[in-house]
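Visitor: A single structure is presented below for examination.
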Amino acid sequence: QEVTVEVLDHLERLALVDFRDAEGVERLQKAIGFADQLHEVNTDGVEPMDSVLEDRCLYLREDDVTEGNCTNELLKNAREKVEEYFVAPPGNIPLPKLEERETFLQGS
Amino acid sequence: LAPWVPVVGLEIHAQISSNSKLFSGSQVQFAAPPNSLVSFFDASLPGTLPVLNRRCVEAAVMTGLALNCSINKKSLFDRKHYFYADLPAGYQITQQRVPIAVNGSLSYSLCIDNKMSQMVTKTVRIKQIQLEQDSGKSLHDDTRSQTLVDLNRAGVGLMEVVMEPDMCCGEEAAAAVRELQLILQTLGSSQAVMAEGQLRVDANVSVHHPGEPYGVRTEVKNINSIRFLAKAVDYEIQRQIEELEKGGTILNETRAFDSKLGCTVTMRDKEGKQDYRFMPEPNLPPLILYDTKSLPANLNHQQVVNIDCIHERLPDLPSVKRAKLVERYGILPEHSFTLLNEDGLTEFFETVVKETRMKPKKVIGWILNDLLSYLKQHSLTVKESPVSSFLLADLLNLLEKKEISSTAAKQVLAELWKGEGKTPLEIVKEKKLELIQDQNELEHICQAVIDGQENEVIMMVLG
């Protein structure tokens with residue numbers, strides 16, 4: 001089952017990954033094939049496991065203030081700042097539509 | 001024209017009242033210097049991990065119990081992915097698959113035709129309550145075409161309460177939210193002050209003809225008060241009806257309420273249907289809650305949340321408080337609603353009752369008609385009242401002892417509002433409002449009046 005251009009475009013938009021070229025897409029295809037091997041296992045009557053931590057205890061913390069107050073350290077990572085605020089563009093800049101951006105996916 | 005049935009559901013986010021955040025130890029506080037209440041985890045720096053705050057779990061369990069929910073002894077955390085500048089991790093930790101509480105109900109009351117004497121009780125089903133993180137705050141600077149981001153709020157614990165679409169208009173939605181607000185404040189699980197963003201409501205609205213399937217729904221956001229909630233819902237219902245009657249269609253979209261214009265508008269920033277790519281939160285095992293039966297012997301009690309213990313410690317909910325007031329003081333149900341609706345009014349009323357011999361049924365009239373209307377006229381809260389409960393009790397005692405008339409009492413009250421520090425007795429003496437009790441004196445006065453009006457007296461005697 002091949003991964004369609006629509007799915008690739010959707011993924012690029014959602015996760016902001018760039019499959020870059022045919023080799024990138026093929027690597028994705030191979031990764032899916034590798035994971036598909038899971039289907040060979042018979043899981044009838046087995047509860048799905050979604051975490052290897054499932055039988056661990058979830059540690060509960062007391063409601064005390066123990067962190068924070070490190071504005072300067074945090075802002076050191078900011079390329080741009082205004083009076084202790086991080087600066088971001090005015091809104092999400094969506095990926096241009098498939099037809100409008102320079103991606104090898106167009107040719108597919 | 002076939003009738004329209006409006007359908008309204010609500011998604012309510014209540015900020016949990018706690019010292020520190022849901023998954024980190026930074027402080028929860030409303031106004032603070034930007035980015036001062038932010039830990040490395042809140043800023044999503046690599047290498048940081050979530051650690052669940054026990055107080056937040058207890059708050060959610062309390063709220064679930066108060067709303068008659070089943071508490072899930074095992075609930076799970078998930079990641080909900082989307083990009084926004086105030087969500088540094090690129091995902092929100094929430095409970096999408098198995099939330100902490102499900103299948104509850106909330107009863108609320110409405111006045112029919114705005115008459116307080118005719119109240120009707122309605123119920124709305126609670127679909128679920130889930131624990132999740134709040135995002136940071138974005139301040140839009142349109143002049144410089146940029147957004148300023150403050151992460152102080154990022155990671156604060158939220159309880160999302162989902163109400164099923166059992167409501168049919170703005171008034172019902174407002175009443176349900178008001179009752180939820182009172183419950184949360186009584187429990188202390190959230191201070192639920194809408195103006196400070198501690199209670200945020202999104203409404204889901206659709207209309208359909210009876211017997212037909214539900215119509216396309218829109219989501220309405222940016223509602224900043226309970227009053228605006230009613231307006232926004234009613235506007236959206238009307239808008240949808242008008243659109244459909246014109247032959248148009250309703251888009252499944254998110255709209256923002258514009259309080260200045262009193263209407264809802266399309267939110268242009270939403271790009272189509274979002275794919276949140278939900279996945280289990282890999283860093284958190286399932287949350288296990290216990291009750292007295294299932295309590296394990298060897299577990300550190302600090303690590304245990306016992307649902308039965310929390311149940312036992314639940315305070316009287318608003319509905320119970322109202323019933324007790326009605327039973328104890330013989331006041332009407334609608335009076336108890338007003339008492340609970342104003343912060344501090346119940347305490348005020350009970351203090352006056354304690355300090356005076358006047359029957360509670362009479363005191364309530366002075367509280368609701370005189371005191372409350374004055375406070376409303378001057379936009380004062382009960383705490384800001386220039387007339388204290390003791391002062392009012394003094395005044396009512398004078399009235400009870402028949403030392404003054406009811407009319408005089410109202411005059412004294414008018415003076416007391418000035419807050420000049422005079423006692424009721426002082427005002428009575430000053431304005432000579434005492435009722436004359438002496439029989440002889442009264443006879444003298446009456447006789448003097450009769451003597452002075454001989455002609456009128458003759459006319460009266462002749463009929």
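Visitor: Can you compute the charge dipole magnitude of the range A:1-40 about its Cα centre, using +1 on each Lys and Arg Cβ and -1 on each Asp and Glu Cβ, nothing else charged? Give it in debye, rounded to the nearest 20.
Guide: Values: 4 positive and 10 negative charges, 26 e Å.
Dipole size: approximately 120 debye.
Visitor: Please go through the range B:327-436 and write out the trypsin sites (Lys or Arg not before Pro) that DSSP classes as loop and that have at most 13 other C-beta atoms within 10 Å.
Guide: On the way: sites: B:Arg328, B:Lys354, B:Arg357, B:Lys361, B:Lys362, B:Lys376, B:Lys383, B:Lys401, B:Lys402, B:Lys410, B:Lys418, B:Lys422, B:Lys429, B:Lys431, B:Lys432; in loops: B:Arg357, B:Lys401, B:Lys402, B:Lys418, B:Lys422, B:Lys431, B:Lys432.
Within the range B:327-436, the qualifying trypsin sites (Lys or Arg not before Pro) (loop, at most 13 other Cβ atoms within 10 Å) are B:Arg357, B:Lys401, B:Lys402, B:Lys418, B:Lys431, B:Lys432.
Visitor: Let me ask something else about it. From the backbone phi of the range A:20-32, what are the Karplus-calculated ³J(HN,Hα) couplings (6.51 cos²θ - 1.76 cosθ + 1.60, θ = phi - 60°) in whole Hz, Gly and Pro given as x?
Guide: Working through the residues one at a time gives 6, 8, 4, 5, x, 5, 5, 5, 4, 4, 5, 5, 5 Hz.
Visitor: Given H placed on each backbone N at 1.01 Å, which residues far from B:Thr264 in sequence or on other chains put an amide H within less than 5 Å of it?
Guide: Excluding prolines and chain starts, which carry no amide H, the hits are B:Asp258.
Visitor: Which GluC sites (Glu not before Pro) in the range B:343-429 sit in a loop by DSSP (not H, G, I, E or B) and have at most 16 other Cβ atoms within 10 Å of their own Cβ? Numbers along the way, then the final one.
Guide: Numbers: sites: B:Glu347, B:Glu350, B:Glu355, B:Glu384, B:Glu400, B:Glu403, B:Glu415, B:Glu420, B:Glu426; in loops: B:Glu403, B:Glu420.
The qualifying sites are B:Glu420.
Visitor: Ignoring any ligand, DNA or RNA, what whole percent of the accessible area of the range B:151-249 comes from carbon and sulfur when the probe is 1.4 angstrom? Can you show the working numbers first?
Guide: Details: 1880 of 3820 Å².
About 49 percent, which is the carbon plus sulfur part of the accessible surface.
Visitor: Could you give the size of the charge dipole of the protein assembly as shown about its Cα centre, using +1 on the Cβ of each K and R and -1 on the Cβ of each D and E, expressed in debye and rounded to the nearest 20? If you can, show how the numbers build up before the last one.
Guide: Details: 61 positive and 85 negative charges, 174 e Å.
Dipole about the Cα centre, nearest 20: 840 debye.
Visitor: So what are the three principal axis dimensions of the range B:315-463 from its Cα atoms, in whole Å, longest to shortest?
Guide: Rounded to whole Å, the extents work out to 69, 36, 26 Å.
Visitor: Next question. I need the P(r) histogram for the protein assembly as shown: all alpha carbon pairs, bin width 10 Å from 0 out to the longest distance, whole percents.
Guide: Distribution as computed: 3, 13, 19, 21, 19, 11, 6, 4, 3, 1, 1, 0, 0 percent.
Visitor: What residues qualify as long-range amide H neighbours of B:Asp78, i.e. H under 5 Å apart, gap of 5 or more or another chain, H built at 1.01 Å from N?
Guide: For B:Asp78, whose amide H was placed from the backbone, the distant partners under 5 Å are B:Thr94, B:Gln95, B:Gln96, B:Glu281.
Visitor: With axes computed from alpha carbons, what is the tilt in degrees of helix B:318-329 against the longest principal axis of chain B, rounded to the nearest 10 within 0 to 90?
Guide: Rounded to the nearest ten degrees, it is 20.
Visitor: Further question on the same structure: Aspartates and glutamates within cross-link reach of B:Lys431: Cα-Cα under 13 Å, excluding same-chain residues under 8 positions apart?
Guide: B:Glu415
Visitor: Follow-up question, since we're still on this one. As a test of the formula, what do you get for chain B when each DSSP H run with n ≥ 4 contributes -39,500 (n - 2.57) and the sum is divided by the residue count, at 222 nm and rounded to the nearest 500 deg cm²/dmol?
Guide: Computed ellipticity for chain B at 222 nm equals -10000 deg cm²/dmol.
Visitor: Another question, if that's okay. For B:Gln411 and B:Ala195 in the same chain, what is the full-extension length gain: residue separation times 0.36 nm, less their Cα-Cα distance, in nm? Provide the component values of the computation, followed by the final result.
Guide: Details: separation 216, 0.36 × 216 = 77.76 nm, distance 3.71 nm.
Stretched fully, the B:Gln411-B:Ala195 segment lengthens by 74.1 nm.
Visitor: Go through the range B:456-463 residue by residue and turn each phi into a ³J(HN,Hα) via Karplus (6.51, -1.76, 1.60, θ = phi - 60°); whole Hz please, and just put x for glycine and proline.
Guide: 4, 5, 4, 4, 5, 5, 6, x
Visitor: Within the range B:126-220, list the trypsin sites (Lys or Arg not before Pro) lying in a DSSP loop whose Cβ has at most 13 other Cβ atoms in a 10 Å radius.
Guide: On the way: sites: B:Lys127, B:Lys137, B:Arg144, B:Arg153, B:Arg178, B:Arg200, B:Arg217; in loops: B:Arg144, B:Arg217.
Answer by residue number: B:Arg144.
Visitor: To continue, here is another question. Report the one residue of B:His301, B:Gly157, B:Ile183 whose Cα lies farthest in the direction of the positive end of the charge dipole of chain B (charges on C-beta: Lys and Arg +1, Asp and Glu -1; origin at the Cα centre).
Guide: B:His301
Visitor: Classify chain A from the C-alpha gyration tensor, please: rounded if a/c falls under 1.5, else prolate or oblate depending on whether a/b exceeds b/c. Can you show the working numbers first?
Guide: On the way: a/c = 3.41, a/b = 1.15, b/c = 2.97.
Oblate is the answer for chain A, as a/c is 1.5 or above yet b/c matches or exceeds a/b.
Visitor: Under 19 Å between alpha carbons, and skipping anything fewer than 8 positions from B:Lys321 in its own chain: which aspartates and glutamates qualify?
Guide: B:Glu179, B:Glu312, B:Glu334, B:Glu342, B:Asp343, B:Glu347, B:Glu350
Visitor: If you line up the long axis of helix B:406-416 against the longest principal axis of chain B, both from Cα atoms, how many degrees apart are they, to the nearest 10?
Guide: Roughly 60 degrees between the two axes.
Visitor: Please compute the modelled spin-label separation between B:Glu430 and B:Ser373, points set 7 Å along Cα→Cβ, answer in nm with one decimal.
Guide: 2.4
Visitor: Check which residues have an amide H placed less than 5 Å from B:Val193's amide H, if you skip close sequence neighbours.
Guide: B:Gln198, B:Leu199
Visitor: Shape verdict for the range B:39-190, please, from the Cα gyration tensor: rounded (a/c under 1.5), prolate (a/b greater than b/c) or oblate. Display every interim value, and only then the final one.
Guide: On the way: a/c = 2.61, a/b = 1.55, b/c = 1.68.
Oblate, because a/c is 1.5 or more while a/b does not exceed b/c.
Visitor: Which lysines, if any, have their Cα less than 17 Å from the Cα of B:Lys260, not counting same-chain residues under 8 positions apart?
Guide: Qualifying lysines at Cα under 17 Å: B:Lys221, B:Lys231.
Visitor: Which of the three applies to the range A:1-40, rounded, prolate or oblate, going by the alpha-carbon gyration tensor with a ≥ b ≥ c and a/c under 1.5 meaning rounded? Present the calculation step by step, with values, prior to reporting the outcome.
Guide: On the way: a/c = 2.18, a/b = 1.76, b/c = 1.23.
Note, shape of the range A:1-40 comes out prolate.
Visitor: What pairs in B:Lys122/B:Lys359; B:Lys361/B:Lys401; A:Lys81/B:Lys137; B:Lys401/B:Lys429; B:Lys324/B:Lys362 have C-alpha atoms more than 23 Å from each other?
Guide: Numbers: B:Lys122/B:Lys359 32 Å; B:Lys361/B:Lys401 17 Å; A:Lys81/B:Lys137 15 Å; B:Lys401/B:Lys429 15 Å; B:Lys324/B:Lys362 18 Å.
As for pairs spanning more than 23 Å Cα to Cα, those are B:Lys122/B:Lys359.
Visitor: On to the next question. Suppose every Lys and Arg Cβ carries +1 and every Asp and Glu Cβ carries -1, with no other charges. What dipole size does the range B:48-176 come out with about its Cα centre, to the nearest 20 debye? Can you show the working numbers first?
Guide: Values: 14 positive and 14 negative charges, 115 e Å.
Charge dipole of the range B:48-176: 560 debye, to the nearest 20.
Visitor: Where does the range B:268-338 land on the Kirkwood hydrodynamic radius, alpha-carbon pairs, in angstrom?
Guide: That comes to 17.6 Å for the range B:268-338.
Visitor: Where the Cα atoms of the range B:5-288 are projected onto their three principal axes, how long is each span, largest first, in whole Å?
Guide: So the extents along the principal axes, rounded to whole Å, are 56, 46, 33.
Visitor: Also, I was wondering about something else. Quick one: angle between helix B:54-66 and the longest Cα principal axis of chain B, in degrees between 0 and 90, rounded to 10, please.
Guide: Roughly 60 degrees, rounded to the nearest 10.
Visitor: At what distance in nm do the modelled label points of B:Leu49 and B:Cys168 sit from each other, each positioned 7 Å from its Cα along Cα→Cβ?
Guide: Those two pseudo-labels are separated by 5.3 nm.
The values are calculated or read from the model by the stated rules, or taken from the named source; none is laboratory data. Fair warning: this is a prediction, and the values are worked out from it, not measured in the lab. Glycine gets a Cβ as well: all are built from the backbone with ideal geometry, and neighbour counts include every protein chain shown. Surface accessibility is based on the protein's heavy atoms, side chains included, excluding ligands, DNA and RNA. Shrake-Rupley method; radii C 1.70, N 1.55, O 1.52, S 1.80 Å.
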